[in-house]
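Computed from the coordinates by the stated procedures, all read-outs in this text should not be read as laboratory data. A quick note: this is a predicted structure, and the numbers were derived from the prediction, not measured. Don't worry about glycine lacking a Cβ; one is built from the backbone with ideal geometry, like all the others, and counts go over all protein chains shown.
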Amino acid sequence: MRRTLWIVLALMMLGGCATQENHYDPLEPVNRVTDKVNDSIDRVTLKPVAQGYNYVVPKPARTMVSNFFDNAKELNTVLNDFLQGKGGQGFQDLGRFFINTTLGIGGLVDVASSMGLPRHNEDFGQTLGVWGAGQGAYIVYPLLGPNSVRDTPDLVTSTVTNPLFWIGLTLAPYVAIPLTALNYVDKRARLLEASNMRDELALDPYVFTREAWRQNREYLIYDGHPPANPLQQDDGWSDDDWGDE
Amino acid sequence: MNMMQRILLALAMLWMVTPAWATTDGPRQVIEHTVREMIHVLEARADQSKLTEQDREAIRKVIHGKFDYRAMARRSLGKPWKQIDETERAHFTELFRQLLERSYGNRLSQYHGQKVVFADAQIKKKRARVKSKVIDGQRETPVEYRLHQTKTGWQVYDIRIEGTSMVRTFYQDFKSTLAHGGYQQLVQTLEQKIAKLKAHD
């Protein structure tokens, strides 16, 4: 098992070297189909539910729900802080988890932020990026949406580091289902603005999403300071060079 | 007060007033002022859930001369810009402006008292970037503005929300349409898109 993992990792690194292009998308034909199906399912299920949720549930309550699920993901952030060599941030985020779980009533209130411990965004896909792995193929997963080869292992780490997963698995399986449902509604509700923007602006929604997603991932990997993009012949886009990036 | 003092005072006042109408505003001042004015329009709405045609017009006025739509359109289009003539360029810029105004307006209509804070501009010759944060409760969204120096002062040519460049995303998106149906197809699709957005409100 361990061996396979390393082989997979090694392959991904190789993939990284070979794929410097922005729109490297060998799975495009399959992805486009998945994207279409996802979108049509979303329009009749999750999207209207999320809209209703935004309409019915007042903002403070929605914030609590978001805080709760973010807090459950905090240990994944901690793990990846350490894996990226950000020890100080790792301990800070661990502190966040303990403070918010206790004082913040199971994570409903983000008291740590007001105590000078701001939220960070790290996951295993970013860690692999920091370690030098390229994005690899862009993948649109059924129901889950935009992803990539590099971000796929995070589906595992984010699950096993999530206390809700273990609670659901061992103690109370019957709360796991409504909780998972609420998690998805919360996620979708937070994406409403972005998806409305895509619907309004995109001529080719698939390409629009792929590009926006890719840039956002790049931004997260570099913690908000992505390097300027050199002029690429096939791309034709030249970025402004800002020394520090 | 003698005559000399009066003249000096008048000159001093004139000097202090000058930045308001001259083009000496720095990039941060330009965008910060524009955003404040926009928030002002949004807060003055009678119905806080939508934008009326007057609100849209007021926002248009605020943005006028601060957003360089032509530069945005040119960068979003890429190579084909060099091959089209001046009339087509003006037409394309106009379509681009309408699409952006509509969608940007729809986002703004959701405004509910978020605070926007700005960091000092970083300037490199004729280009500048201004980082800002939209603060909604305890959630922050980083928004970065890229500006360039024009004859009439600093103007925005790109906006990056959470690291995603608007112009760059358009560039890839447009490229896909260009590859399938060329420039005429792109213009047609844009026109349809705008008509649909207008019909929506």
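Its convex hull of Cα atoms gives the range B:3-199 a direction-averaged projected area, equal to a quarter of the hull surface, of 15.1 nm².
Listed values for the range B:146-161 are Karplus-derived 3J(HN,Hα) couplings in whole Hz (6.51 cos²θ - 1.76 cosθ + 1.60, θ = phi - 60°), namely 10, 10, 9, 7, 10, 4, 9, x, 6, 9, 6, 10, 7, 10, 10, 9, and x replaces Gly and Pro. What the Cα convex hull of the range A:35-80 gives, in volume per residue, is 87 Å³. Normalised by 2.2 N^0.38 Å, with N the number of residues, the alpha-carbon radius of gyration of the protein assembly as shown equals 1.08.
Counting other Cβ atoms within 10 Å, keep those with at most 14, restrict to DSSP loop, and tell me which trypsin sites (Lys or Arg not before Pro) in the range B:142-201 are left.
Numbers: sites: B:146, B:151, B:160, B:168, B:175, B:193, B:196, B:198; in loops: B:151.
Sparse-neighbourhood loop trypsin sites (Lys or Arg not before Pro): B:151.
Can you compute log10 of I(q)/I(0) for the range A:2-239 with the Debye formula, treating each Cα as one identical point scatterer, at q = 0.17 Å⁻¹? Log10 I(q)/I(0), no solvent term: -1.53. Structure note, pairs A:73/B:133; A:36/B:193; B:115/B:193; B:79/B:124; B:115/B:175; B:66/B:133: Cα-Cα distances above 29 angstrom occur for B:115/B:193; B:115/B:175.
Along the range A:59-74 the Karplus relation, 6.51 cos²θ - 1.76 cosθ + 1.60 evaluated at θ = phi - 60°, assigns HN-Hα couplings of 3, x, 5, 5, 4, 4, 4, 4, 4, 4, 6, 5, 5, 5, 8, 4 Hz to successive residues, with x for each Gly and Pro. Phi angles across the range B:118-130 convert, under the Karplus curve 6.51 cos²θ - 1.76 cosθ + 1.60 with θ = phi - 60°, into 3J(HN,Hα) values of 10, 9, 5, 6, 9, 10, 10, 6, 9, 10, 8, 10, 10 Hz, Gly and Pro given as x.
Both numbers refer to the Cα atoms of the range A:164-207; Rg and Dmax are 16.0, 48 Å. Under 5 Å between amide hydrogens, built in the peptide plane, is the criterion, and for residue B:116 it picks out B:135 among residues at least 5 positions away or on other chains. For chain B, the relative contact order comes to 22 percent (Cα pairs under 8 Å, sequence separation of at least 6).
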